[in-house]
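Step one of this worksheet: look at the structure below.
Every number in this text was worked out from the coordinates using simple rules, so none of it is lab data. Because the structure is predicted, anything quoted here is derived from the model rather than measured. Cβ placement follows ideal geometry from the backbone for every residue including glycine, while neighbour counts extend to all protein chains displayed.
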Amino acid sequence: MKSFRVGLGYDLHQLVDQKINQFPFKLGGITIPFDKSCIAHSDGDVLIHALCDALLGAAALEDIGTHFPDSEKKWHKVNSEELAQKVVQLIHQEGWQINNIDATIILEEPKLAPYKELIKNNIAQIAQIPPHLVSIKAKTNEKMDSIGKGLAVAAHVVVLLISNR
């Protein structure tokens with residue numbers, strides 16, 4: 001009999017001038033030209049961080065901070081794709097397969113239309129599922145709050161896991 005689990009992930013990072021942070025702006029593992037970047041312990045990829053939390057939550061395996069604590073130096077400035085690959089391996093070991101991923105990125109700029117297909121394909125590769133099972137949406141906060149003022153970027157991700165156990 002098949003089992004299903006739904007997971008919800010969320011992440012938010014402050015944006016600063018890239019000259020200060022000296023880290024590129026990344027979403028879903030894709031570097032996007034932008035004059036700002038995220039302040040974070042790792043590379044600050046909010047989409048991948050939210051994906052990791054959605055996957056871990058659906059499998060009842062706690063959260064990204066439990067598995068990759070910012071108190072451990074080995075995770076400092078780590079490529080978030082590496083974290084996501086470890087999470088995918090972990091959920092597979094637990095008997096789960098990813099059915100689909102639905103993601104929403106919230107930021108005022110840069111506009112993501114030229115990058116959405118690249119992001120979708122990269123997320124699909126990391127998740128080991130076909131690209132047609134990944135949805136990437138971009139929204140603004142209509143100039144309201146820290147995201148709307150260009151001071152932050154956030155991502156929400158929902159995943160569905162399936163097990164034949």
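For segment 1-68, the set of trypsin sites (Lys or Arg not before Pro) satisfying both a DSSP loop assignment and a count of at most 11 other C-beta atoms within 10 Å is given as Lys2. Rounded to whole numbers, the Karplus 3J(HN,Hα) couplings from phi for segment 143-157 are 6, 9, 6, 5, 5, x, 8, x, 9, 7, 9, 9, 9, 10, 9 Hz, using 6.51 cos²θ - 1.76 cosθ + 1.60 with θ = phi - 60°, and x at Gly and Pro. Here Lys143 is the anchor, and the aspartates and glutamates within straight C-alpha reach of less than 18 Å, apart from those fewer than 8 places off in the same chain, are Glu108, Glu109.
Farthest toward the dipole's positive end in the chain, which of Val157, His13, His92, given Cβ charges of +1 (Lys, Arg) and -1 (Asp, Glu) about the Cα centre? So the residue we want is His92. Take 113-120, 54-61 and order them by the average number of nearby Cβ atoms within 10 Å per residue, most first; the result is 54-61, 113-120. Straight-distance candidates among the aspartates and glutamates for linking to Lys74, with alpha-carbon spacing under 19 Å and chain neighbours fewer than 8 residues away dropped: Asp43, Asp45, Asp63, Glu82.
What FRET efficiency do you get for Asp17 and Glu72 if R0 is 41 Å and r is their Cβ-Cβ distance, rounded to the nearest 0.05? Don't skip to the answer; put the middle values down first.
Values: r = 28 Å, r/R0 = 0.68.
Using R0 = 41 Å, I get an efficiency of 0.90.
Using a cut-off of 30 Å between Cα atoms, the listed pairs Lys86/Lys139; Lys86/Lys149; Lys2/Lys139 include Lys86/Lys149; Lys2/Lys139 as exceeding that distance.
When the alpha carbon gyration tensor of the chain is reduced to an equivalent ellipsoid, its three semi-axes come out at 26, 18, 13 angstrom, largest first. Partners of Lys137 within straight-line reach, counting lysines whose Cα lies under 17 Å from its Cα and excluding those fewer than 8 residues away in the same chain: Lys26, Lys111, Lys116, Lys120.
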